[in-house]
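Step one of this worksheet: look at the structure below.
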Amino acid sequence: MPLRFFNTYSRKLEDFTPRDAKNRKIDIYTCGPTVYSRAHIGNFRAYIFEDLLQRHLEARGFKIHRVMNITDVDDKTIHGAREAKVPLQKFTQQFKDAFFEDAEKLRIKRADDYPAATDQRYIEKMISMISALIAKGLAYQADDKSVYFRINKFPNYGKLAHFDLTELRSTGRVKHDEYDKEHIGDFALWKAWDEEDGDVKWDSPWGPGRPGWHIECSAMATALLGDQIDIHCGGVDNIFPHHEAEIAQSEGVTGKQFVRMWLHCAHLLVDGQKMSKSLGNFYTIPDNFTWDGMKEARESLSRIDDWLERLREVAGDKKGNPKIDIQLGREFEEALDDDLNISAALGFLFETIRDTNRAMDQNKLDAKTAVAWLNWWDQINKVLDFESDGAELPEEVAKLAEARAQARLAKDFRKSDELRDKLNALGWEARDTKDGQKITRRAGA
């Protein structure tokens with residue numbers, strides 16, 4: 001089955017073939033965090049979607065080069081640094097660190113590159129691109145000394161978002177609308193310095209200032225991946241104006257199609273509303289969840305753990321034998337080939353668990369078949385990463401686990417429960433099986 005994804009640009013499911021199909025190489029650019037506060041789980045929904053995409057493509061034998069940018073200069077970061085009375089770099093660093101800490105907890109694979117907008121080499125790339133756009137008549141310096149993109153000179157502007165330019169209203173990430181733009185939809189490429197920017201400024205041919213949000217991604221993407229990219233990802237809120245502007249800027253400079261396929265994920269909803277910092281209905285990774293959905297997720301993970309334990313018991317001394325080659329269903333992989341249909345993929349997984357558990361209940365599943373399913377699990381777990389790699393327990397966790405085991409031997413069940421709660425608080429789960437206590441990392445921990 002060919003890879004098929006829903007391309008936002010065409011609004012159609014399309015077969016996907018990378019530019020370098022011979023070497024099975026795919027370049028992916030993903031919009032990363034704007035580090036003015038800690039990323040919330042709505043932000044991480046997009047990052048997990050991108051992680052799933054990369055893992056599946058790698059499982060299908062592709063070599064991935066993924067770039068995720070860090071937006072560390074814009075109106076919000078400058079405002080936050082000014083309010084905190086600290087330099088911009090010091091203000092944003094705490095949120096960069098928190099992002100990587102949270103991503104690691106969620107087992108999100110690291111990108112190959114994390115370019116920061118304030119890196120001088122990318123500032124120079126931005127200035128070079130803006131100069132090229134001005135030379136082609138696609139950009140101009142307005143009376144307020146800022147430089148704007150001339151959207152009326154780019155015929156395809158609006159095609160990603162699928163709207164009429166006459167319906168445009170002024171977009172965000174500009175300081176004010178009291179300047180003489182040629183069109184209300186023209187967006188800033190370079191923002192002239194003013195007092196509110198403090199010491200945040202770079203020299204340019206148009207005077208001191210800083211880059212606009214959109215040109216940052218165009219510069220970093222093309223600097224690291226070249227003029228053309230296989231896949232560009234992000235949340236649906238990035239479609240306009242951000243990704244629309246990226247297309248105009250990048251193609252305006254190079255004259256080449258910027259992205260072959262645009263993939264966007266929907267918002268995470270809280271009580272029917274988009275999760276966002278502006279609405280105040282957001283939760284971060286360290287927050288403690290008591291929602292029913294989280295309970296169901298933990299129960300599902302426990303089902304997987306119990307299933308694997310049973311398979312290993314049936315496999316006996318044959319477990320871990322990669323030479324046992326029994327052809328099993330391909331529904332999991334094929335579901336992900338079809339626009340990353342993770343619901344169908346997980347549906348097949350849990351259907352498999354139910355059927356194989358029934359077979360084990362009836363003693364109808366032999367050791368070789370158990371090993372085959374364990375080998376199959378090893379492959380799909382490279383995509384899901386639900387089960388840890390068997391690394392040693394952290395010292396504190398190991399001590400609590402041993403104390404709990406001793407409490408159960410002494411039939412001190414109150415203490416056993418207390419120690420279980422402490423393990424949970426550290427992100428670990430204790431399960432009691434006929435072979436003794438099993439300690440596993442909780443999902444998202």
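The set of residues in the range 196-244 being closer than 21 Å to F163 by Cβ and of a type in the set (D, E, K, R) consists of D237, E244. For V86, the conditions (1) modelled with pLDDT of 95 or more; (2) within 16 Å of the chain's Cα centre (by Cα); (3) assigned to a loop (DSSP other than H, G, I, E, B); (4) not small (G, A, S) all hold with the exception of (2).
Only one entry in K96, K125 is more than 20 Å from W193 (Cα to Cα) and not polar (S, T, N, Q), namely K96.
Table: residues versus (1) charged (D, E, K, R); (2) over 25 Å from E246 (Cα atoms); (3) free of Cβ contacts under 8 Å to residues at least 12 places away in the same chain.
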{"site": "K25", "(1), (2), (3)": "yes, no, no"}
{"site": "P33", "(1), (2), (3)": "no, no, no"}
{"site": "N69", "(1), (2), (3)": "no, no, no"}
{"site": "H79", "(1), (2), (3)": "no, no, no"}
{"site": "R82", "(1), (2), (3)": "yes, yes, no"}
{"site": "A98", "(1), (2), (3)": "no, yes, no"}
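Residues in the range 5-37 that are open to solvent by 70 Å² or more (accessible area, probe 1.4 Å) and over 24 Å from A219 (Cβ atoms): F6, R11, K12, L13, D15, T17, K22, N23, R24.
Residues that are assigned to a strand (DSSP E or B), open to solvent by less than 20 Å² (accessible area, probe 1.4 Å) and under 21 Å from F258 (Cβ atoms) within the range 38-66 comprise just one, R66. The single condition from (1) open to solvent by 100 Å² or more (accessible area, probe 1.4 Å); (2) modelled with pLDDT under 65; (3) closer than 24 Å to A103 by Cβ that N288 fails is (2).
Scanning the range 9-23 for residues that are within 26 Å of F240 (Cβ to Cβ) and in contact (Cβ under 8 Å) with a residue 24 or more places away in the chain returns Y9, R11, L13, E14, F16, R19. The set of residues from the range 229-261 being surrounded by fewer than 22 Cβ atoms within 10 Å (Cβ to Cβ), among the β-branched types (V, I, T) and in contact with a Leu (Cβ under 8 Å, 6 or more places away or on another chain) comprises just one member, I239. Of everything in the range 182-202 that's in a loop (DSSP other than H, G, I, E, B) and open to solvent by 20 Å² or more (accessible area, probe 1.4 Å), which residue is nearest to S218 (Cα to Cα)? Ranking the candidates gives K201 first. Here the range 208-228 is the region considered, the condition is being open to solvent by 10 Å² or more (accessible area, probe 1.4 Å) and in contact with a strand residue (DSSP E or B) (Cβ under 6 Å, 6 or more places away or on another chain), and the residue that is farthest from V259 (Cα to Cα) is L224. Among the residues of the range 92-109, the ones that are open to solvent by 20 Å² or more (accessible area, probe 1.4 Å) and part of a helix (DSSP H, G or I) come to 9 in all. Any residue in the range 258-266 that is assigned to a loop (DSSP other than H, G, I, E, B) and modelled with pLDDT of 95 or more? Yes, the range 258-266 contains a residue that is assigned to a loop (DSSP other than H, G, I, E, B) and modelled with pLDDT of 95 or more. Conditions first: (1) small (G, A, S); (2) in a loop (DSSP other than H, G, I, E, B); (3) touching a helix residue (DSSP H, G or I) at 6+ places or on another chain (Cβ under 7 Å). G80 passes all but one, so which condition is the exception? Single failed check for G80: (2). Set side by side, the residues I64, I78, I70, I48 differ, and just one is among the β-branched types (V, I, T) and more than 22 Å from S218 (Cα to Cα), which is I48. Is at least one residue of the range 107-126 out of contact with any helix residue (DSSP H, G or I) (no Cβ under 6 Å at 6 or more places or on another chain) and at pLDDT below 95? Yes, there is a match, as at least one residue in the range 107-126 is out of contact with any helix residue (DSSP H, G or I) (no Cβ under 6 Å at 6 or more places or on another chain) and at pLDDT below 95.
Among the residues of the range 128-151, none qualifies, meaning not one is among the polar types (S, T, N, Q) and within 29 Å of A46 (Cα to Cα). Within this structure, I108 fails the test of being of a type in the set (A, V, I, L, M), over 15 Å from T222 (Cα atoms) and without any contact (Cβ under 8 Å) to a residue 24 or more places away in the chain.
Scanning the range 129-154 for residues that are open to solvent by less than 70 Å² (accessible area, probe 1.4 Å), of a type in the set (G, A, S) and outside any strand (DSSP E or B) gives S131, A132, G137, A142, S146.
The values are calculated or read from the model by the stated rules, or taken from the named source; none is laboratory data. Every value quoted in this text rests on a predicted model; they were computed, and no experiment measured them. Virtual Cβ from ideal backbone geometry, glycine too; neighbours counted across all protein chains shown. Ligands, DNA and RNA are excluded from the accessible area calculation, which covers all protein heavy atoms including side chains. Shrake-Rupley method; radii C 1.70, N 1.55, O 1.52, S 1.80 Å.
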